[in-house]
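The values are calculated or read from the model by the stated rules, or taken from the named source; none is laboratory data. A quick note: this is a predicted structure, and the numbers were derived from the prediction, not measured. Glycine gets a Cβ as well: all are built from the backbone with ideal geometry, and neighbour counts include every protein chain shown. Heavy atoms of the whole protein, side chains included, go into the accessibility calculation; ligands, DNA and RNA do not. Shrake-Rupley method; radii C 1.70, N 1.55, O 1.52, S 1.80 Å.
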Amino acid sequence: MPPGSAPETISILGATGSIGLSTLDLIGRNPDRFEVEALTANANATALAELAIRFRARLAVVADPAAYGELKAALAGTGIEVAAGPSAVQEAAVRPVSRLMAAIVGAAGLAPTLAAARSGATILLANKECLVSAGRLFMDTARRHRARVIPVDSEHCAIFQALDSNRPEAVESVTITASGGPFRTWSVEQMARARPEDALRHPVWSMGAKISIDSATLMNKGLELIEARHLFDLEPERLSVVVHPESIVHGFVTYADGSVIAQLALPDMRTPIAYALAWPERLATPMDRLDLCSVGRLTFESPDLQRFPALALAQQALSRNDGTATVLNAANEIAVNAFLQRRIKFPDIATIVDKAVSRADTEGVGDVESLEDAVALDGWARRIAGGFISGLLTPAG
Ligand SMILES: NC(=O)c1ccc[n+]([C@@H]2O[C@H](COP(=O)([O-])OP(=O)(O)OC[C@H]3O[C@@H](n4cnc5c(N)ncnc54)[C@H](OP(=O)(O)O)[C@@H]3O)[C@@H](O)[C@H]2O)c1
């Protein structure tokens, strides 16, 4: 940022989450560079009010209307505008700002992030489910309205950087890495007994609950393949995953001449967030620097699709129509929730998703042409997945 320039304005959808808080940590360290416009949360009014006051936001919004009274009371006399409900989140998303951090978890982020794309915003995209649920629609909308989409997921940030200055026609393949999650070395029998607290104990990354479970099933990597397909407009055959337990190499691009360009960094989400916040510049960050001699060894292995069938399901969805990915995503959200509530076992997550995707196939689910299509299909898949979960819970199931 040239000296004397006005600060950039930033809004954050999902400000109270893991990505939201890491973004605010960086903003707080650069008070001359960034100003906060709007912050949103789902229902956590106390945390949102505290952040809105600390970062002098102009607007604070909760998606859950039941949390409005608490937010209003907590912000009384501060001059900060307060609003509630899904339409208020959408309004927050289209407020003119320099950059919008889209960090709501799940398909709930689709409508506001799509609205931001329609408004031509610069979107820092963490909410991968939005691209899984309606990737083609989202990217077409962004292109039509000249919105810029800068990936925040560490793997996609890596690919974005490795692609940045090169010729797209010379790209042979793109590989994203996976830590392998907490069950990388667990047997099928051990995973059958895994509890939510085991699955939430990620060996490398500290993240929100939903993505932590997705990392344990490796569905997260499958969602990321679908995300990469849409973000970088790449055919499924050019996309692959390798397991890399040290999580130092986040992704790499192989070019036609055999050159491979990778991005490396210590696993801290503030690094890709800083990249997205400053792109095309670089933001100085306080994190430890990578010391390859102290890391010593980087290892890589192929993912085991037998033990991690969720990744295989997502890989299959990658080559099918958009609607399959919408169903996969919605069924996964429902199944992850049921596992977190201890209603189903860990392996049931992939089973539920498999059943929902097969049902969608039988019913001839097709492409997603509009937000209404995506919302209707997402709702259908949630009901179907809920039905399969109830089936598992009854003796006959
Ligand atoms: N965490 C990571 O390291 C990481 C890395 C890469 C990508 N991502 C992606 O980034 C996104 C956010 O992940 P996270 O780990 O930060 O999640 P998180 O910690 O669970 O936070 C989610 C945020 O979304 C809000 N939210 C939840 N449901 C909502 C709804 N229905 N409507 C509006 N807002 C809602 C939450 O508000 P409340 O606090 O009120 O519930 C919270 O602010 C996900 O798509 C994830 O896959 C995360």
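Could you work out what % of the accessible surface of region 173-218 is carbon and sulfur, using a 1.4 angstrom probe and leaving DNA, RNA and ligands out of the count? Display every interim value, and only then the final one.
Details: 950 of 1850 Å².
Result for region 173-218: 52 percent of the exposed heavy-atom area is carbon or sulfur.
Can you give me the Rg/Rh ratio for region 7-147, using Cα atoms for both radii and the Kirkwood formula for Rh? If you can, show how the numbers build up before the last one.
Numbers: Rg = 14.0 Å, Rh = 14.7 Å.
On the Cα set of region 7-147, Rg over Rh gives 0.96.
For the peptides 104-112, 377-385, what is the packing order when you average, over each peptide's residues, the other Cβ atoms within 10 Å and list the highest mean first?
Values: 104-112: 23.9, 377-385: 20.3.
Descending packing order for the listed peptides: 104-112, 377-385.
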Select from the chain the helices, each a whole stretch of DSSP H, whose alpha-carbon atoms run 24 Å or more along the helix axis and whose Kyte-Doolittle mean is at least -1.0; answer none if there are none. 322-340, 346-362, 371-393
Using DSSP, restrict attention to beta bridges with both residues in the chain and report what percent are antiparallel, rounded to the nearest 5. 30 percent
Report in % the part of the accessible area of region 261-322 that belongs to carbon and sulfur, leaving out ligands and nucleic acids; probe 1.4 Å. 51 percent
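For region 153-306, go through all pairs of different Cα atoms, get the mean of 1/r, take its inverse, and jot down that Kirkwood value in Å. Could the numbers behind the result be given before it?
Working: mean 1/r = 0.0608 Å⁻¹.
Computed over region 153-306, the radius equals 16.5 Å.
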With charges only on Cβ, +1 for K and R and -1 for D and E, what is the dipole size of region 252-397 about its Cα centre, in debye, rounded to 20? 660 debye
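Please give the length that would be gained between Leu21 and Leu292 if that part of the chain were fully extended, namely 0.36 nm times their separation in residues minus their C-alpha to C-alpha distance (nm, one decimal). It would help to have the intermediate numbers written out before the result.
Working: separation 271, 0.36 × 271 = 97.56 nm, distance 2.82 nm.
The Leu21-Leu292 span can extend by a further 94.7 nm.
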Would you list the P(r) distribution for the chain, with all Cα-Cα distances sorted into 20 Å bins from 0 and each bin expressed as a whole %? 28, 60, 12, 0
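Lys and Arg at +1, Asp and Glu at -1: add these up for the other residues within a Cβ distance under 11 Å of Ala45 and post the number. Before the final figure, lay out the partial values.
Values: positive: Lys72; negative: Glu50, Asp64, Glu70.
Value of the local net charge: -2.
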Provide the solvent-accessible area of Met139, counting protein heavy atoms only and rolling a 1.4 Å probe, rounded to the nearest 10 Å². 20 Å²
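Mean shadow of region 330-395, computed from the convex hull of its alpha carbons, in nm²? Let's see the in-between values first.
Details: hull surface 18.0 nm².
Seen from a random direction, the Cα hull of region 330-395 projects 4.5 nm² on average.
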Filtered pair list for the chain (Lys only, Cα < 29 Å, 8 or more apart or interchain) has a length of 11
Using label points projected 7 Å from each Cα along Cα→Cβ, tell me how many nm separate Ser370 and Arg342, to one decimal. 4.5 nm
Ignoring ligands, DNA and RNA, how do Phe300, Phe308 rank by accessible area with a 1.4 Å probe, largest first? Phe300, Phe308
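How many percent of the accessible area of region 8-47 is carbon or sulfur, using a 1.4 Å probe? Kindly include the intermediate steps, with their values, before the conclusion.
Working: 620 of 1320 Å².
C and S atoms contribute 47 percent here.
Per residue, how many Å² of accessible area does the chain show with a 1.4 Å probe? Walk me through the numbers on the way to the answer.
On the way: 16980 Å² over 397 residues.
Each residue of the chain exposes 43 Å² on average to a 1.4 Å probe.
Counting Lys and Arg as +1 and Asp and Glu as -1, each charge on the Cβ, what is the dipole of the chain about the Cα centre in debye, to the nearest 20?
On the way: 37 positive and 45 negative charges, 131 e Å.
Here the chain has a charge dipole of around 640 debye.
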